[in-house]
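Inspection log for the structure reproduced underneath, given as structure tokens.
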Amino acid sequence: MRESLAKARTEADVDHLTRLPNRRAFERRLSSAAQSAQQSGQPLCVAFCDVDHFKSINDTHGHDVGDRVLVAIASTLNSNASDTCFVARHGGEEFVVLFYGLDKDEAWRKLDGIRRAQAMKQMVNRDTGKPFGKVTFSGGIAEVTGVDETREALAWADEALYRAKAEGRNRIVAV
């Protein structure tokens with residue numbers, strides 16, 4: 001029974017599609033990471049990442065392909081992250097990343113490297129063989145360290161994401 005309960009708790013914190021931690025797991029991690037960063041004096045940054053033109057991918061190629069794109073982006077984020085990062089699916093086509101011990105500039109360099117790695121990939125609809133080109137993402141980064149309320153840092157990262165989208169997508173903006 002304990003084993004079943006532990007498994008259910010674990011499953012409740014995992015996004016079923018991407019197998020990344022979900023928003024619920026992220027929010028708990030953000031809270032504990034912010035507290036730890038405050039106590040240790042180490043920097044902590046948060047980033048929102050959003051798949052560029054995701055609606056047109058779904059509309060043109062179908063939702064199954066859109067799901068595969070989300071899995072591919074999740075894989076790129078997760079495989080290029082290091083032990084200084086925590087990657088989660090926030091919902092829809094949006095992902096969040098925590099950068100432990102990295103200041104805003106270091107987090108920007110890390111996430112921009114991941115963005116460039118994704119942008120170099122050429123994606124093809126496996127069902128039709130029709131290429132749909134490069135699938136990119138935009139991101140916004142804010143420092144959590146020194147902020148009274150973590151929600152404030154999330155709002156700043158979200159604003160930075162919107163700036164990245166407004167400035168042409170496929171870019172990272174740090175505030």
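Could you grab me the full set of residues in segment 1-23 that are assigned to a helix (DSSP H, G or I) and modelled with pLDDT of 95 or more?
Selection gives R23 alone.
What number of residues in segment 32-71 are under 17 Å from the mean Cα position of the chain (by Cα) and of a type outside the set (A, V, I, L, M, F, W, C)?
Here the count works out to 6.
Would a scan of segment 114-130 turn up a residue that is on the phi > 0 side of the Ramachandran plot and free of Cβ contacts under 8 Å to residues at least 24 places away in the same chain?
Within segment 114-130, one or more residues are on the phi > 0 side of the Ramachandran plot and free of Cβ contacts under 8 Å to residues at least 24 places away in the same chain.
Restricting attention to strands (runs of 3 or more DSSP E) lying wholly within segment 74-169, give those where 3 or more residues are touching a strand residue (DSSP E or B) at 6+ places or on another chain (Cβ under 9 Å) and buried (at least 20 other Cβ atoms within 10 Å of the Cβ).
85-91, 94-100, 137-143
The values are calculated or read from the model by the stated rules, or taken from the named source; none is laboratory data. In this text, all values refer to a predicted model and were calculated from it rather than measured experimentally. Note: ideal-geometry Cβ built from the backbone for every residue, glycine included; neighbour counts use all protein chains shown.
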